[in-house]
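Read through the structure below, which is laid out as structure tokens, and then see the notes.
Computed from the coordinates by the stated procedures, all read-outs in this text should not be read as laboratory data. No experiment lies behind these values; they were computed from the predicted model shown. In this analysis, Cβ positions are derived from the backbone assuming ideal geometry, glycine residues included, and neighbour counts consider all displayed protein chains.
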């Protein structure tokens, strides 16, 4: 990055500062006098939604380009899955048992971050939703390996801060779920899905649909915890019913350990997007 601007026009930030220093008059206090791009009330008007959508897409994109981050390893998973040291406080016995996946996510992220460090922290960068549970474990593993990681947070009705292991300069906050999902997948070199609830399943099925329909390249799509996923979703029943094809069951792989997941990623041969959807020719 260079401080030298290519434009011959005055800098917007300079004018913003200048505008704050004008004499206090009824005219200068009027909302109409505010510079449009620094007027929060104006920017939040319903008519400005297209602009806000563009800004949410553009801000993380530019900051990631500044850091020269080219690819990510995306982790989806439940916010309620506790660190094993706190599993005695889990709401249910099942959540306490699932706490083992916190450590799996942590170790998987650590191993992938070692690989990222060898690439100058530009490839294989861990990306999570920035919250607790599996997300925290993912960012934690990257932090403990000495690397960086993304946290793509979303504003929720209840106050929630990003977990403390997200790299501060790569901690983003979104209003629009759709734009957040785009940033999850735009650079994904692999997708790891851990046990979770509605949010995790939403992210999992939307990502699978993009791959199934050829809108996205095939990448390693790893479901951590075969027993959990086969219990909560009858995958074969979907194929037997014809609502998906048998070939769709090959779009993902079950794994139960960090080492198994890393091996699949390391031996993955790049695959282009599908040009047909099996069962719908």
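Some values worked out for this structure:
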quantity	calculated
Helices (runs of 4 or more DSSP H) enclosed by the stretch 1-89 - at least 1 residues per element that are over 24 Å from the mean Cα position of the chain (by Cα) and loosely packed, with under 10 Cβ neighbours inside 10 Å	12-20, 26-29, 40-43
All helices (runs of 4 or more DSSP H) inside the stretch 223-277 with 1 or more residues being in contact with a helix residue (DSSP H, G or I) (Cβ under 8 Å, 6 or more places away or on another chain) and under 23 Å from residue 115 (Cβ atoms)	258-266
Any hit, the stretch 91-113, residues being closer than 21 Å to residue 171 by Cα, touching a residue at least 60 places away in the same chain (Cβ under 8 Å), in contact with a helix residue (DSSP H, G or I) (Cβ under 8 Å, 6 or more places away or on another chain) and part of a loop (DSSP other than H, G, I, E, B)	no
Extreme residue, nearest to residue 75 (Cα to Cα), among residues of the stretch 209-219 that are crowded, with 18+ Cβ neighbours inside 10 Å and in contact with a strand residue (DSSP E or B) (Cβ under 7 Å, 6 or more places away or on another chain)	219
Odd one out for residue 101 among (1) surrounded by fewer than 16 Cβ atoms within 10 Å (Cβ to Cβ); (2) closer than 23 Å to residue 257 by Cβ; (3) touching a strand residue (DSSP E or B) at 6+ places or on another chain (Cβ under 8 Å)	(1)
Every residue from the stretch 159-183 that is under 18 Å from residue 81 (Cα atoms) and loosely packed, with under 13 Cβ neighbours inside 10 Å	161, 164
Filter result for residue 196 (in contact (Cβ under 8 Å) with a residue 60 or more places away in the chain, within 14 Å of residue 73 (Cα to Cα) and touching a strand residue (DSSP E or B) at 6+ places or on another chain (Cβ under 7 Å))	no
